[in-house]
Amino acid sequence: MENTLPSTPVINKGSKSEAGTLGEFKVYDEQGQEVLSLYSMENFGTPTDSANLDKPIIPRLYTLQWANSSVCVPPLYRKAHKLGLNKAIWLHDPNNPRFADRRIMIHVGNNALDTLGCILLGTGYNEQTGQITNSTKAVEQFYNFCDTHGISNIVLEVRGLKSNA
């Protein structure tokens with residue numbers, strides 16, 4: 001499938017810990033140049049498409065949509081959805097409509113307990129606490145990017161765990 005999108009965010013899942021799965025969250029432009037570099041956090045466990053398990057998602061390509069949600073989002077996106085709740089980014093698998101049942105969002109939070117089975121973003125990572133930092137700023141940067149470039153023009157690529165060998 002030809003990619004005509006202005007950019008492709010990529011999550012490289014880095015290292016697992018009891019606190020969760022830390023990843024790199026990078027956004028590239030059409031020329032492959034990095035335009036945004038953040039950290040991601042998902043809960044620990046075996047990736048799955050099954051809902052209500054609070055587990056990481058399976059590595060693949062996902063489309064993004066704006067959703068009406070109660071998840072924690074930056075101030076600009078609170079109560080901003082046309083239905084009155086928070087405006088959040090919702091992941092979809094275009095090849096599996098049932099994946100939407102997982103209701104995976106990208107939202108604000110700092111550790112695996114905050115993930116609720118979703119993906120958190122941060123600008124930094126604190127090794128001592130196992131938490132990502134400045135999550136509100138990071139999520140706002142990515143949400144603004146999606147607003148600027150059109151969320152329907154963006155595909156999220158989730159890659160599997162890197163080997164530490």
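Each value in this text was obtained by applying a stated rule to the coordinates, not by laboratory testing. Everything quoted here is computed from the prediction, not taken from an experiment.
Brief remarks follow.
- Per-residue HN-Hα couplings for segment 74-82 [Karplus 6.51, -1.76, 1.60; θ = phi - 60°; Hz; x = Gly/Pro]: x, x, 4, 9, 6, 6, 9, 6, 4
- For residue 72, nonlocal amide neighbours, meaning residues 5 or more places apart or on other chains whose placed amide H falls under 5 Å from its own, are 108.
- Cα gyration tensor shape for segment 58-165, rounded if a/c is under 1.5, else prolate or oblate: oblate
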